[in-house]
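**Q** Here it is, the structure in full.
Nothing in this text is a laboratory measurement; each read-out follows from the coordinates by a stated rule. These figures come from a predicted structure and were not determined experimentally. Positions of Cβ are backbone-derived with ideal geometry, glycine not excepted, and every protein chain shown enters the neighbour counts.
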Amino acid sequence: MGFGRLGQSLTAREILDLVRDDLERVEREIGLESVASVEAVTTINRYLQSGGGKRLRPILVLLSAGLLGERGEGPVRMAAVVEMIHAATLVHDDVIDTAQTRRGRPSSNTIWGNHTCVLAGDWLYMQAFQVALRERSFRVLDLLISLTQMMVEGELLQLERIGRIDISEADYMELVDRKTASLISACSRLGALVAGGDEKIEGRLGDYGWNLGIAFQLVDDVLDFTARENVLGKPVGSDLREGKVTLPLIYALQDGSPADREMVARVLSDGSYDRVPFRDILALIERHDGFTRARMRARTFTEKARVIMGGFPESAFQRALYGVTELITDRDH
């Protein structure tokens, strides 16, 4: 069943209301499962959990399971698992990127140091798998193992490309697929799995999540340049400072002059905006419609996700999953 533009999908508040009780159970589950025998690991895990975040990934697990009529322990457990895996990736990312802030607070590596945080991230990965084992499902484990390998490969590919200006749109999309879309796709697949959905339904929900994940990252990369720092929770322009050339800049460089490329190359080389002001990079991207083109590209993926969701029977959970696609492209952080 298709949707009209108005009055069909749920608002952000309505979506949260639909899963609020289960989401609270997820938070309790994460809190219980993040306690280690080594105090430093427990402290870091609690710090990460208290940092908040959108909780998009656990929400997608809960909504996808709810779409198929399942509201029991399985979806709550899997929602906790994906959030723990996501937290582990953030710890490792911050170490690799030498990040200073995360969600408006000092990143964990600046407080506890790189060595401790790498090991804490490893512990969190393994604990997530320990929790997932309770489902007694080889399919769940197979999905999570493939996911983790995909994300690690994505991180390695990104490291190979750090500081390079010759990143193509295809290169960029490969990274987004491995680092972001694969996890969000796994969230909706896991919801289907624990709800007893067949392989076809799992595949459809996985495709929905994959398209949503691509759109999410594209919008994220626009916001890295355009959002206010107090809303974004980290310094604006961080990606380029860290050596990452993302889609808005890729589009701008396609039409840019040699002088434009030299300007960007200088920021990549310096790892700062000391010689090239951030406003000059913004002007370059705006001059070549990089932000507009990247947002339009994101909308092509959310539209695909909407088409997939429109094929499911109408329900509150279907309207919520449809509404998530609108929230992804319209958000400001």
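**Q** Relative to the longest principal Cα axis of the chain, at what angle does helix 278-287 sit, 0 to 90 degrees, rounded to 10?
**A** The helix 278-287 is inclined about 80 degrees to the chain.
**Q** Given points 7 Å out from each Cα along the Cα-Cβ axis, report the A283 to L133 separation in nanometres with one decimal.
**A** 5.9
**Q** Please identify which residues in the range 82-99 have an amide N closer than 20 Å to a label point set 7 Å out from the Cα of Q49, following the Cα→Cβ vector.
**A** Inside the label zone: 82-92.
**Q** To the nearest 10 degrees, how steeply does helix 73-97 sit against the main Cα axis of the chain, on a 0 to 90 scale?
**A** Once rounded, one gets 20 degrees.
**Q** Can you tally the net charge around T110? Count Lys and Arg as +1, Asp and Glu as -1, for every other residue whose Cβ sits under 11 Å from the Cβ of T110. Please list the in-between numbers first.
**A** Details: positive: R102, R105; negative: D94.
Value of the local net charge: +1.
**Q** Then there is this: Order these peptides, 120-130, 138-148, by their mean beta-carbon neighbour count within 10 angstrom, highest first.
**A** Working: 120-130: 19.9, 138-148: 15.7.
Per-residue Cβ counts within 10 Å, averaged per peptide and sorted highest first, yield 120-130, 138-148.
**Q** Using amide H atoms built in the peptide plane, which far-off residues or other-chain residues are under 5 Å from K244 H to H?
**A** Residues meeting the amide H criterion: G163.
**Q** Once you order the gyration tensor axes a ≥ b ≥ c over the Cα atoms, which shape class does the chain get: rounded for a/c under 1.5, otherwise prolate or oblate by comparing a/b with b/c? Each step should come with its number before you reach the end.
**A** Details: a/c = 1.94, a/b = 1.28, b/c = 1.52.
Verdict is oblate for the chain.
**Q** What relative contact order, as a whole-number percentage, does the range 205-333 give when Cα pairs under 8 Å and 6 or more residues apart are counted? Don't skip to the answer; put the middle values down first.
**A** On the way: 142 pairs, mean separation 49.3, N = 129.
Here the relative contact order equals 38 percent.
**Q** Sticking with this structure for a sec: Along the range 56-61, what does the Karplus equation 6.51 cos²θ - 1.76 cosθ + 1.60 (θ = phi - 60°) give for ³J(HN,Hα), rounded to whole Hz, x for Gly and Pro?
**A** 4, 5, x, 4, 5, 4
**Q** Quick check: the angle from helix 290-310's long axis to the longest principal axis of the chain, C-alpha only, nearest 10 degrees?
**A** 10
**Q** Which whole-Hz ³J(HN,Hα) couplings does the range 143-155 yield from phi under the Karplus relation 6.51 cos²θ - 1.76 cosθ + 1.60, θ = phi - 60°, glycine and proline marked x?
**A** With coefficients 6.51, -1.76 and 1.60, one gets 5, 5, 5, 4, 4, 4, 4, 4, 5, 5, 4, x, 5 Hz.
**Q** Ok, one more. List K54, K179 from most exposed to least, where exposure is judged by having the fewest other Cβ atoms within 10 Å.
**A** Values: K54 13, K179 21.
Ranking K54, K179 by Cβ neighbours within 10 Å, fewest first, gives K54, K179.
**Q** Mind listing P(r) for the range 234-333? All alpha-carbon pairs, 5 Å bins, whole percents.
**A** 2, 12, 19, 18, 13, 10, 9, 7, 6, 3, 1, 0
**Q** Right, here's the next one. Using a Cα distance threshold of under 24 Å, what count of lysine pairs results for the chain when pairs must be 8 or more residues apart or interchain?
**A** For the chain, the number of qualifying lysine pairs is 9.
**Q** When the Karplus curve 6.51 cos²θ - 1.76 cosθ + 1.60 is applied with θ = phi - 60°, which whole-Hz ³J(HN,Hα) does each residue of the range 311-323 get, with x for Gly and Pro?
**A** Whole-Hz 3J(HN,Hα) from phi for the range 311-323: x, 8, x, 5, 6, 4, 6, 5, 5, 5, 5, 5, x.
**Q** Also, I was wondering about something else. Can you give the FRET efficiency to the nearest 0.05 for E169 and E39, using r as the Cβ-Cβ distance and R₀ = 56 Å?
**A** Values: r = 46 Å, r/R0 = 0.82.
Computed FRET efficiency for E169 and E39 comes out at 0.75.
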